[in-house]
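All remarks here apply to the structure that follows.
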Amino acid sequence: MNKNEDIFLVNQVLGGNVNAFRTIIDLHKDKAFNLAYRMCGSREDAEEIIQDSFLKAYRSLREFRMDSLFATWFYRIVYNTSVSFIRAKKEIIILSGDCFPDSQKYSDTNYFESVSEEEHKRKLVNYALGKLSEEERGLISLFYYDEHTLAEISEITCENISNIKVKLHRSRKKMLEILTGINNRKVIAK
Amino acid sequence: MNIEQNLREDQLRDFLNPGEIEKAPDGFTGRMMNRLSVEPVPVLNRAKGRNYSLVPAISAVVTLALVVIAIIFDTGKSQSADILWSRVIKAFQPGLPAINFTLPELTVSNIIVYIMSLSILLLVFDLVLSGYFGRRKSTH
């Protein structure tokens, strides 16, 4: 979606055509859900986060400056809403088989018997993501899954590019250590 | 951009599936639109119709009203209020240079001259800023 399309749709909504917001939702819901899911680890929570985010965007649509992309502005809302949501829960994210895996006892034999390699990889990644902070998960998601540039990530997270580089480097290193460590040995739950 | 390329072409990509998107649940758009149907529509027309800002207008009216009241009290028409107002003015007078300003059949005290000048300046500044930011908001 380019800037002209953004401006057209936003102006339609601001002119009273509420149905134009349906198009905005359709265009952005999947990426928004992906970001929220990668950050919070739960599909139910991710849906709640993006509902709140769309609501906030709808209510503050008049404040959207037409000189930036709607996606950047909206993903900033999603990112901040995700961080607030996770912090508000004030608990360690409950890991389940659907998202960040629980502290289960993995043995190489059992693990590969029960799941495919693809599933194994997915669970590994989710487990490693669960070990990161919510901001680190956000950076990993924005950079690797959504493939945003550092400049775009800087706009979304409202941090300068130097900070983003440092944090991304740390997050990547941390995640890699977890992933390669697990891959090379048995993982035993506490 | 080299640093970005290095960041991307790293071992982590072996584990992650870049571009893999977890999709929103089915029916999300419909549920969201239902939720928005009870919200007030964020229409811009109301703001476009206004060519003035209430804040500077109200502040100007209140300031002018206070100044007029001060002038009336200062001419001695109300003795008790005049005494009170004189006390207020005297509290602010130390440090201010004396300014003698006389209108026909009306004597304006020092502090009122300052108040009037400041109010006019603030009003002009306020209107200019409101006009500038109002124009910025309405440009598409």
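At a glance:
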quantity	calculated
Residues that are closer than 16 Å to residue B:14 by Cα and in contact (Cβ under 8 Å) with a residue 12 or more places away in the chain, drawn from the stretch A:147-175	A:171, A:172, A:174, A:175
Count - residues of the stretch A:32-57 that are of a type in the set (Ser, Thr, Tyr) and modelled with pLDDT of 95 or more	1
Contacts under 9 angstrom Cβ, first residue in the stretch A:59-83 being over 21 Å from residue A:142 (Cβ atoms), partner among the β-branched types (Val, Ile, Thr) and surrounded by fewer than 21 Cβ atoms within 10 Å (Cβ to Cβ), 6 or more apart	A:60/A:77; A:62/B:43; A:66/A:7; A:66/B:139
Among (1) at pLDDT 90 or above; (2) touching a Cys at 6+ places or on another chain (Cβ under 7 Å), the one test that residue A:139 misses	(2)
Selection count, the stretch A:142-190, where residues are more than 10 Å from chain B (Cβ to nearest Cβ), modelled with pLDDT of 90 or more and loosely packed, with under 13 Cβ neighbours inside 10 Å	5
Given (1) in contact (Cβ under 8 Å) with a residue 40 or more places away in the chain; (2) buried (at least 22 other Cβ atoms within 10 Å of the Cβ), index of the condition residue A:139 fails	(1)
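Residues checked against (1) within 9 Å of another protein chain (Cβ to nearest Cβ); (2) over 14 Å from residue B:32 (Cβ atoms):
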residue: A:7; (1), (2): yes, yes
residue: A:21; (1), (2): yes, no
residue: A:41; (1), (2): no, yes
residue: A:64; (1), (2): no, yes
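The values are calculated or read from the model by the stated rules, or taken from the named source; none is laboratory data. This one's a predicted model, so the numbers in the text were calculated from it and none came from an experiment. Cβ sites come from the backbone with ideal geometry, for glycine too, and all protein chains shown count toward neighbours.
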